[in-house]
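Where a number appears in this text, it was derived from the coordinates with a stated rule and is not lab data. Quick caveat: nothing in here was measured; it's all calculated off a predicted structure. Glycine gets a Cβ as well: all are built from the backbone with ideal geometry, and neighbour counts include every protein chain shown.
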Amino acid sequence: MGIKWLNNSFIASGDTLVLSELMVLQSAAGHYIGHLCKTIKCNCKDEHLGCIEPYDRLSGYMSYEQATKQLQTIRN
Ligand SMILES: [Zn+2]
């Protein structure tokens, strides 16, 4: 499944980031709803360009099915 990136970018710690749409994400603790972020411009000496990382978590941890259902509810 492709990741849909939002158009608005913002600067964090000198890097320019974009957020994904709200989506179901997976961690060791379970599935949750949140955003990913991608570095589209790296101004630090680390090579962050293109890095994709979890950005936030807006729900508790749950099963994939529960998270998918909850995301549908948020979107509708
Ligand atoms: Zn950087």
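Residue-by-condition table, conditions (1) touching a Phe, Trp or Tyr at 6+ places or on another chain (Cβ under 9 Å); (2) exposed (fewer than 12 other Cβ atoms within 10 Å of the Cβ); (3) in a loop (DSSP other than H, G, I, E, B):
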{"position": "Thr16", "(1), (2), (3)": "yes, no, no"}
{"position": "Val24", "(1), (2), (3)": "yes, no, no"}
{"position": "Ile33", "(1), (2), (3)": "no, no, no"}
{"position": "Leu36", "(1), (2), (3)": "yes, no, no"}
{"position": "Glu47", "(1), (2), (3)": "no, yes, yes"}
{"position": "Tyr55", "(1), (2), (3)": "no, no, no"}
{"position": "Ile74", "(1), (2), (3)": "no, yes, no"}
| query | Would it be correct to say that Ile40 is part of a strand (DSSP E or B), free of Cβ contacts under 8 Å to residues at least 12 places away in the same chain and aliphatic (A, V, I, L, M)? | reply | no
| Cross-chain or 6+ apart pairs with Cβ under 9 Å, segment 43-67 first and within 15 Å of Trp5 (Cα to Cα), then part of a loop (DSSP other than H, G, I, E, B) and more than 16 Å from the ligand (Cβ to nearest atom) | Ile52/Ile3
| task | Evaluate segment 16-27: report whether one residue or more is within 16 Å of the ligand (Cβ to nearest atom) and among the acidic types (Asp, Glu). | result | no
| Where a residue in segment 1-24 is within 24 Å of Glu47 (Cβ to Cβ) and its partner, wherever it lies, is of a type in the set (Asp, Glu), with Cβ under 7 Å and at least six apart | Leu6/Glu21
| Filter segment 28-76 for residues that are β-branched (Val, Ile, Thr) and within 12 Å of the ligand (Cβ to nearest atom); which is nearest to Ala12 (Cα to Cα)? | Thr39
